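Participant: The structure under discussion is supplied below as structure tokens; questions concerning it will follow.
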Amino acid sequence: MELWYTEKQTENHGITTKISKTLHSEQTDYQKLDIIETEQFGTMLVLDGMVMTTDIDEFVYHEMITHVALNTHPNPQRVLVVGGGDGGAIREIVKHSSVQEAILAEIDQRVIDTSIEYLPEIASALTGNPRVKLMVGDGIKFIRDHQNRFDVIIVDSTEPIGPAEGLFAKSFYEELYGALKEDGIMVAQTESPWFNQDLIKRVFRDIKSLFAITRLYTVSIPTYPSGLWSFTIGSKKYDPLNVSEAEIAELSTKYYTKELHKAAFVLPKFVEELLKD
């Protein structure tokens, strides 16, 4: 008998993939957590029925949510990831030699534990790296308690429902602004331009009201809704489009390149239209 996993991404659309077995399933204190083995994308982490990451395409998301901001800031030393319990963003952050401290603020300990067990390549930096610190708890409260501390903050959240709903609110971006140093940069995943247009417009407007420079860029991630995904970057001082290729660190990556750093900001016209106020 064939087994298939289907994610209902909207009321009218979903994706389905063939699976060989379920590796782990539990109800944590915060969400339903499943680890499944798929035929097309390898091991897959699913939270509340939504695909979070997979062995095969995870590098796209994790490289692009981190390296754009980290290569825009001239000297990122202290970096915070809110969410991102699978550890992929942390793994990319510590590739930068300037980073002295990389803090992961994840609300669900079980996401961290199961990622270390079942997704070891993604979670490789969560154990044994002296620059990495794990903080299990409310990321919003953590930011509120650590003002004017970070050079870069990465908001690696799930969809804007359940535990992550507050990470898409303007009040959170205000707290985040305060937690950044005077030349700090933030970046957040901001969903699909096909399915989440109202959210993208609202988040871009809210971040733009706080930061001197606000830009949106897109990437291709096959297991995420529609395959086209967006990130929004807010910077107090540095513009990602003013970074020269010579300033971009040489890193071991699979998706992100020096050329792609700026190219990702070239938007399809319908996405550009979303950002016009």
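Participant: T257: in contact (Cβ under 8 Å) with a residue 12 or more places away in the chain and of a type in the set (S, T, N, Q), yes or no?
Facilitator: no
Participant: If A125 satisfies every condition in (1) more than 26 Å from N75 (Cβ to Cβ); (2) part of a helix (DSSP H, G or I); (3) in contact with a helix residue (DSSP H, G or I) (Cβ under 9 Å, 6 or more places away or on another chain) but one, which is the exception?
Facilitator: It fails just one condition, (1).
Participant: Tell me, yes or no, whether segment 132-142 has at least one residue that is at pLDDT below 95, basic (K, R) and over 18 Å from the mean Cα position of the chain (by Cα).
Facilitator: There is at least one residue in segment 132-142 that is at pLDDT below 95, basic (K, R) and over 18 Å from the mean Cα position of the chain (by Cα).
Participant: Let me ask another. So in segment 77-122, with the set limited to residues that are assigned to a helix (DSSP H, G or I) and of a type in the set (K, R), which one is nearest to the chain's Cα centre (by Cα)?
Facilitator: My answer is R91.
Participant: Right, something else. Across segment 200-247, what is the total count of residues that are within 26 Å of I56 (Cβ to Cβ) and more than 18 Å from the chain's Cα centre (by Cα)?
Facilitator: Qualifying residue count, segment 200-247: 0.
Participant: Which one of E259, E182, E250 is charged (D, E, K, R), assigned by TED's automatic domain parsing to the domain that holds V155, more than 26 Å from I122 (Cβ to Cβ) and out of contact with any strand residue (DSSP E or B) (no Cβ under 7 Å at 6 or more places or on another chain)?
Facilitator: E182
Results for (1) in contact with a strand residue (DSSP E or B) (Cβ under 9 Å, 6 or more places away or on another chain); (2) closer than 24 Å to L260 by Cβ, shown as yes or no for each residue.
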| position | (1), (2) |
| --- | --- |
| F142 | yes, no |
| I154 | yes, yes |
| L167 | yes, no |
| F172 | yes, no |
| L176 | yes, no |
| D198 | no, no |
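Participant: Within segment 104-125, track down each residue that is touching a Lys or Arg at 6+ places or on another chain (Cβ under 8 Å) and crowded, with 20+ Cβ neighbours inside 10 Å.
Facilitator: Hits for segment 104-125 are L104, I122, A123, A125.
Participant: Please determine whether any residue of segment 130-137 is under 26 Å from R215 (Cα atoms) and not β-branched (V, I, T).
Facilitator: Checking segment 130-137: not a single residue is under 26 Å from R215 (Cα atoms) and not β-branched (V, I, T).
Participant: Just one of V111, V79, V51, V46 is within 16 Å of D156 (Cα to Cα), touching a residue at least 40 places away in the same chain (Cβ under 8 Å) and in contact with a Gly (Cβ under 6 Å, 6 or more places away or on another chain); which is it?
Facilitator: It is V111.
Participant: Filter segment 1-34 for residues that are assigned to a strand (DSSP E or B), under 19 Å from I116 (Cα atoms) and touching a residue at least 40 places away in the same chain (Cβ under 8 Å) and give the result.
Facilitator: Correct list: L23, H24, E26, L33.
The values are calculated or read from the model by the stated rules, or taken from the named source; none is laboratory data. Keep in mind that this is a model prediction, so the values were computed, not measured. As a convention, Cβ positions derive from the backbone with ideal geometry for all residues, glycine included, and neighbour counts pool all protein chains shown.
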